[in-house]
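So the structure is just underneath, and the comments pick up after that.
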Amino acid sequence: MPIAPRTPTIQSKLPKVGTTIFTVMSALATEKNAVNLGQGFPDFACDPLLVDAVDRAMREGLNQYPPMAGVLQLREAVAAKIEALHGKRYSAQDEITITAGATQAILTAILAIVRPGDEVIVLEPCYDSYIPNIELAGGTVVRVPLVPGTFRPDFDKIAAALSPRTRAILVNSPHNPSATIWSAEDMQRLQDLLAPTDVFLISDEVYEHMVYDGRAHESAARFPGLAARAFVVSSFGKTYHVTGWKVGVVAAPAALTAEFRKVHQFNVFTVNTPVQHGLARYMAEPRHYLALPAFYQAKRDLFREGLQAKTRFKLLPSEGSFFQCVDISDVSDLPEAEFCKWLTNEIGVAAIPLSAFYADGFDQRVVRFCYAKEDATLRTALDRLARL
Ligand SMILES: Cc1ncc(COP(=O)(O)O)c(C=O)c1O
């Protein structure tokens, strides 16, 4: 008798992971023809000059494997940019690696440094990949809340969470979802706190060019005591309106980069070649990223002014990123997630509940909108929200 085909059962490494609220809300938004201010991506085209640059690279035959660490011209462009903006020189050869988006950079950094039993501190609310990434590496997640309401870091709580088993801390500024940014003083306090430790810093800076009201982005690269222990992560997708291209970068001291690349080499190996050449050529013109704060600040102001004039939402500050959080308590008694579904179904605008960014689903009556949208899209959303 032949043995019947059988599919072995996987004992899940991530038993708590299911369909994310981002997928649920985007599907619901499509079904209901709602304006999707949920998931964080632009609904406008990138600069045609960038598409031309990639197109040219393809036609020039730059279509085979690039070096494992990334196309050198792109690494050099990133090193030059970090030096110009933050005064820190990274070696393009040994300290900069191009990744398949920031998400892969963060997972790779975690896999390179975290061993089973190590503790990794995350500050909640946090981007949804951090916790599963730590779990995949066998690490123990230590959750520390940002102060509810203001989303400022609580350094006493962070200090209390540090232990001899702490391997790393993940920090994200400008912050998704709260749209707050860390000040120079915050970064200095983190630097002082970590100074006597061997804790690594993973600094998620994907919204580095979206900081408003004349303020500066305080990269970990600016703080020698942080840069010496940091994987500084960014994403070309966010900066150049091409989230679907999935190209990111990590800057880290040579010893850290060497270990990072060992994991990268046998997971991703290389990231697509013509896009890297196109980005390198496009980055030669700094105004493409220098113009970004004004571009997004205008969208933020349009959206905030509309919300203020037309709705009873209480607006939280939007200091950076392309998100606007609002307190819904004067508008609805529903829990955040129920409210977001109701808003999509009945009002035709999709948002994301902040509870999605907490492992325990903490509900503080706040939801997040994304304003990386055409002005016309934002106006349509505002007209609909005015019905609330
Ligand atoms: C805080 C944060 N980190 C990382 C990422 C992922 O960036 P990428 O698309 O380059 O993987 C995002 C995307 O939404 C994000 O918001």
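The values are calculated or read from the model by the stated rules, or taken from the named source; none is laboratory data. Just so it is clear, the structure is predicted and the values come from calculations on it, not from any experiment. Positions of Cβ are backbone-derived with ideal geometry, glycine not excepted, and every protein chain shown enters the neighbour counts. Quick note on the areas: whole protein, heavy atoms, side chains included, nothing else; ligands and nucleic acids left out. Shrake-Rupley method; radii C 1.70, N 1.55, O 1.52, S 1.80 Å.
Things to note:
- Of the residues Arg75, Arg165, the one with the largest accessible area comes first in the ranking Arg165, Arg75, computed with a 1.4 Å probe on protein heavy atoms.
- Computed on the chain, with alpha-carbon pairs under 8 angstrom and 6+ residues apart, the relative contact order is 25 percent.
- Beta bridges per DSSP with both ends in the chain, % antiparallel, nearest 5: 45
- Selected from Val331, Pro42, Asn172, residue furthest toward positive end of dipole (the chain; charges at beta carbon): Pro42
- Bridging of Lys88 to lysines at a Cα separation below 28 Å is possible for Lys238, Lys246, Lys262, once same-chain residues fewer than 8 apart are set aside.
- Eigen-decomposition of the gyration tensor built on the alpha-carbon atoms of the range 268-332 gives equivalent ellipsoid semi-axes of 37, 16, 8 angstrom, largest listed first.
- Cα pair count fraction exceeding 17 Å, expressed as % - the range 165-316: 69
- Under 5 Å from the amide H of Val71 lies no amide H of any residue 5 or more positions distant or on a separate chain, with H modelled from the backbone and absent for Pro and chain starts.
- Take the Kirkwood radius over Cα pairs of the range 242-388, plug it into Stokes-Einstein at 25 °C and 0.890 mPa s, and you get 134 µm²/s for translational diffusion.
- Once all protein chains are placed together, Leu193 keeps about 40 Å² accessible to a 1.4 angstrom probe.
- Per-residue HN-Hα couplings for the range 295-302 [Karplus 6.51, -1.76, 1.60; θ = phi - 60°; Hz; x = Gly/Pro]: 4, 7, 5, 5, 5, 4, 5, 4
- Accessible-area ranking of Trp342, Trp245, largest first, probe 1.4 Å: Trp342, Trp245
- Ordered from highest to lowest accessible area with the whole protein assembly present and a 1.4 Å probe, Lys13, Lys341 read as Lys13, Lys341.
- Whole-number D in µm²/s for the chain (Stokes-Einstein; Kirkwood sum over Cα pairs; 37 °C, 0.692 mPa s): 150
- The range 175-232-the range 55-100 distance, computed between alpha-carbon centres (Å): 22
- Phi angles across the range 347-354 convert, under the Karplus curve 6.51 cos²θ - 1.76 cosθ + 1.60 with θ = phi - 60°, into 3J(HN,Hα) values of 10, x, 9, 9, 9, 10, x, 5 Hz, Gly and Pro given as x.
- Global geometry of the range 80-177, whether rounded, prolate or oblate, following the gyration tensor of its Cα atoms and the 1.5 cut on a/c: oblate
- Descending principal axes extents, the range 208-266, alpha-carbon based, whole Å: 39, 33, 9
- Sum of side-chain charges, Asp156 neighbourhood, beta-carbon under 14 Å (Lys, Arg +1; Asp, Glu -1): 0
- Solvent-accessible surface (1.4 angstrom probe) belonging to Val51, in square angstrom, nearest 10: 70
- Tyr130 - accessible surface, heavy atoms, 1.4 Å probe, Å² rounded to 10: 10
- Taking every DSSP helix (H) stretch of at least 4 residues in the chain, weighting each as -39,500 (n - 2.57) and dividing the sum by the residue count yields a mean residue ellipticity at 222 nm of -11000 deg cm²/dmol.
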